[in-house]
Structures are given as C-alpha cells and as structure tokens.
1. Look through region 77-86, keep the residues that are touching a helix residue (DSSP H, G or I) at 6+ places or on another chain (Cβ under 9 Å) and within 24 Å of ALA142 (Cα to Cα), and return whichever of them is surrounded by the fewest Cβ atoms within 10 Å (Cβ to Cβ).
2. Just checking, which of VAL171, VAL182 is surrounded by 13 or more Cβ atoms within 10 Å (Cβ to Cβ), of a type in the set (A, V, I, L, M) and within 26 Å of LEU4 (Cβ to Cβ)?
3. Going by the conditions given, is MET143 touching a residue at least 60 places away in the same chain (Cβ under 8 Å), surrounded by 15 or more Cβ atoms within 10 Å (Cβ to Cβ) and part of a helix (DSSP H, G or I)?
4. Please specify each residue of region 23-49 satisfying the condition of being over 20 Å from GLU100 (Cα atoms) and not basic (Lys, Arg).
5. For residues that are free of Cβ contacts under 8 Å to residues at least 60 places away in the same chain, touching a helix residue (DSSP H, G or I) at 6+ places or on another chain (Cβ under 8 Å) and not hydroxyl-bearing (Ser, Thr, Tyr), tally how many sit in region 87-131.
6. Would you mind telling me which numbered condition in (1) in contact (Cβ under 8 Å) with a residue 60 or more places away in the chain; (2) crowded, with 17+ Cβ neighbours inside 10 Å PRO5 fails?
7. How do the helices (runs of 4 or more DSSP H) wholly within region 148-205 filter down when requiring 3 or more residues that are over 23 Å from MET45 (Cα atoms), at pLDDT 95 or above and over 20 Å from the mean Cα position of the chain (by Cα): which remain?
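The values are calculated or read from the model by the stated rules, or taken from the named source; none is laboratory data. None of these values were measured; they are calculated from a predicted model. Methodologically, a virtual Cβ is constructed for each residue, glycine included, from the backbone with ideal geometry; neighbour enumeration extends over all protein chains shown.
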Amino acid sequence: MRQLPDVFSLKRLLQSVAMLDAVICPEWALRYYSFNAKWATGEMMGSMRNGQGDEFFALFNSHGAFIKGFDHESMVASLKLPSTQFYRDLPPQFAACCSEPAFSPEFVTFCMWRLSEEPAWSSAAIALPASGDGDGSAFLLAMLDCSPETYLRWATEYYESEVSPQAVIAVYEHRVLTEEIVASLNPECSLTSLREDIAKIGYPT
C-alpha cells in the first residue's frame, strides 16, 4: 500500500495506462488495462485483467478511492478466506463496492481504500501468515508506481514490439493526445479510430 499514489494521481495514472493500451492494442479483449470515466453518476472505474484469472478494480467517487484485487496464485487465495473478512472495515462511502457484481467481490485477496481527507491507504485488519507478497497486491499493483519506465518495460514484453518512450511519457503526463503521439505508438491507429476509447477513458484531446 505504501507505494500507491494519492487518489487523484492514481486516477490519472489508470487513465494513462488505459489510453496507452487502447492505442497499442485496438482489440479490447487483449488489453490489460481499461478505464471508464462514466462508470456511474459521480463515479469512475479503472481495472486490470490479465486473462489468467488475476484482476483488480479501482473505483473513484467524491469520497476517495476503493481498490479490490484477486491473485489466483497467491498464498491468500489458497486459504479460501470468506470475502466478508476483506470488506469488514470498509467505510460506508464504499459499501456498495463489496457487492458490485462487475467487481467479482467473492474473489478477493486484497482490498484497500483511501478517503480524500486521509493521508494514507487503509485495508482490513486481517491476520495473515508473513509470506512476502502473500496477497498478490505487490504483483498486481506493480504498474501503479507512476513511472513511465515501468509501463514501457511491461508493454515492450507483453506486446512484443518496440514502444516509443517519448509517447509513453507524454501520455503519463496527460498531454493532449495528438495524431503524432498516436502514430508513434501504433501507425495503424488515429484519433478518429480511437474516438470511443478516448471518450470512455476521459483522456484529454
């Protein structure tokens, strides 16, 4: 939890990686990261799915942010703890998250939240055996260190192609998306072809 940025920075970061994935990989089903700036009234949602059963969901509302994740190979997953244990200390501002079907709430190995007025992230006080990254949070949230180099390394390996460092930095900094930035990431894409993705993510153009 200590490596996570504040709520505002986390929202921008998830928008950035979702936008980068959308440009590099037009086929939605093959993307890792997605973002919906109009998830519900007053709410936004970012997510990651790796296609192997691991995922996280991050909901943003006027009160702060909620993150729920599941690493199917983690030590915590093998314990098969009741999901209610992870949500028992959840603030009422995020109460609906623990029953949101889209978040697969029954599959959880970590849950954390941060109210806007709080100085740090919190999680349920669950006594777990000490085992490194026992809940898989360090593994699944590794992208959220705000470093463009982290995405660059991952995308180069996952998409098996060279990725423009300058373009990644530009999107991380939320610079206005231009045809030049798009072309440097994927020559077969254009702002026109990305219109729906841009609107859904809420990325500036």
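1. Taking region 77-86 as the starting set, the residues that turn out to be touching a helix residue (DSSP H, G or I) at 6+ places or on another chain (Cβ under 9 Å) are 83-84, 86.
From the residues that got through so far, the ones that are within 24 Å of ALA142 (Cα to Cα) too are 83, 86.
Numbers: SER83: 18, PHE86: 23.
Among residues in region 77-86 that are touching a helix residue (DSSP H, G or I) at 6+ places or on another chain (Cβ under 9 Å) and within 24 Å of ALA142 (Cα to Cα), the one surrounded by the fewest Cβ atoms within 10 Å (Cβ to Cβ) is SER83.
2. Working: VAL182 fails: within 26 Å of LEU4 (Cβ to Cβ).
Every option except VAL171 fails the conditions.
3. Values: touching a residue at least 60 places away in the same chain (Cβ under 8 Å): yes; surrounded by 15 or more Cβ atoms within 10 Å (Cβ to Cβ): yes; part of a helix (DSSP H, G or I): yes.
Here the answer is yes, as MET143 does meet what is asked.
4. Keep residues of region 23-49 that are over 20 Å from GLU100 (Cα atoms), which gives 23-32.
VAL23, ILE24, CYS25, PRO26, GLU27, TRP28, ALA29, LEU30, TYR32, listed by residue number.
5. So the answer is 14.
6. For PRO5, the failing item is (2).
7. On the way: elements: 148-158, 165-172, 179-185, 195-201.
It comes to 179-185.
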